[in-house]
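See structure below.
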Amino acid sequence: MIMALAVTAGCGGGGDKKSAGSEKVTLKLAHNLPTAHPLAQGMEAFNKKLTEKSNGTITLNIYPSGQLFNDKSMNDAIMSGGIDMGLNSTAMWSTVIPAMEVFDVPFLFPSYEKVDHAIDGGLGDKLAGELKKKGVRPVIWADYGFVQFANSKKEITKPEDFAGLKLRGYGELPSETIKALGASPVTMGSGEVYMAIQRGVVDGQTSGTTAMYDRKMFEVTKYLTITNHAYPEFILAMNEKSFQRLTPEQQKIVTDAANEVRDELRKNAKAEDMAALEKLKEKGMQVYVVPEVELPAWQSATKPVWDIFVKHTGDLGKELIEICSKQ
């Protein structure tokens, strides 16, 4: 049944472009996040705005929690037109566009604000150009928040504590970061992590506090280390052919509605992270926040990952790091 849905999903983009007006169109959007996650809620807000702005002529059907595609298979579906729109992390896009790994270069971004400044200051445009070569339009960059380390075995207060641990990395560069810190990386889909920790396949993971709470990781991991070492963005991406099937007015409605949601997500990202952290504490997780004075040891340990990023991405990677560093 899922395969049948996947084949027909891209047909929802409407007919040939006509004059703006009342032409009805149905779009399909997939993501792999739990419905309670702030980004999932953002997609619901996007849906509501589309309905209001289009007077009901644009219908958006949302498939959350990996119902249609998991985070590994979704990008192929977006590129092929198997789905009109998808929300997925830059780490998952990095297998197609290595430069997307820039958001996972450890300790590149010192604050929430610096990430948004970098995206608006040229980073977003550079990466959008790479996506468009794949027939994909980035509708918005959606702030996910910083990622941390959680595990079931021991408290981690310094890089040396990672020795002997097996941790799930959500992409190639996050896995290299885990390796640089002395642990063994294991790659798997986000929906598989809870059971993998429960069964002892892995000892923990790197993820945002919001996802940790929504996925109930506090039930299987006890120790949480706040490092703010990476800031994976999520991209609300749209198949370019699906976008071009819309009328000019519908294109503007989609873009305007998405930008409003982007601004709301940016405004709330830090607060959502902090709120989720407090909830994890209430659920019994033991939290260690790396003090700023100790960060140089972490930065030194993970510096080789910067070299790996540049090796993967060449001159474009160097340019992206420069854009991010000067913000």
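Residues of region 146-172 being modelled with pLDDT of 95 or more and either crowded, with 22+ Cβ neighbours inside 10 Å or under 18 Å from the mean Cα position of the chain (by Cα) (or both), which ones? Spell out how you get there, then give the answer.
Taking region 146-172 and keeping what is modelled with pLDDT of 95 or more, we get 146-168.
Within region 146-172, Phe146, Val147, Gln148, Phe149, Ala150, Asn151, Ile156, Phe162, Leu167, Arg168 meet the criteria.
Need the failing condition index for Lys114 against (1) surrounded by fewer than 18 Cβ atoms within 10 Å (Cβ to Cβ); (2) under 12 Å from Ala237 (Cα atoms), just the number. So Lys114 meets the others, but not (2). Every condition in (1) at pLDDT below 95; (2) crowded, with 18+ Cβ neighbours inside 10 Å holds for Lys326 except the one numbered (2). For region 229-254, the candidate set comprises residues that are hydroxyl-bearing (Ser, Thr, Tyr) and farther than 28 Å from Tyr112 by Cα; within that set, the residue that is surrounded by the fewest Cβ atoms within 10 Å (Cβ to Cβ) is Thr247. Cβ-Cβ contacts under 6 Å between residues 6 or more apart (or on different chains), taken from a first residue in region 202-231 that is not assigned by TED's automatic domain parsing to the domain that holds Pro296 to a second residue that is part of a strand (DSSP E or B) and surrounded by fewer than 24 Cβ atoms within 10 Å (Cβ to Cβ), are absent.
The values are calculated or read from the model by the stated rules, or taken from the named source; none is laboratory data. None of the values given here were measured: they were computed from a predicted structure. When we count neighbours, we look across all protein chains shown, and the Cβ atoms used for this are built from the backbone with ideal geometry, even at glycine.
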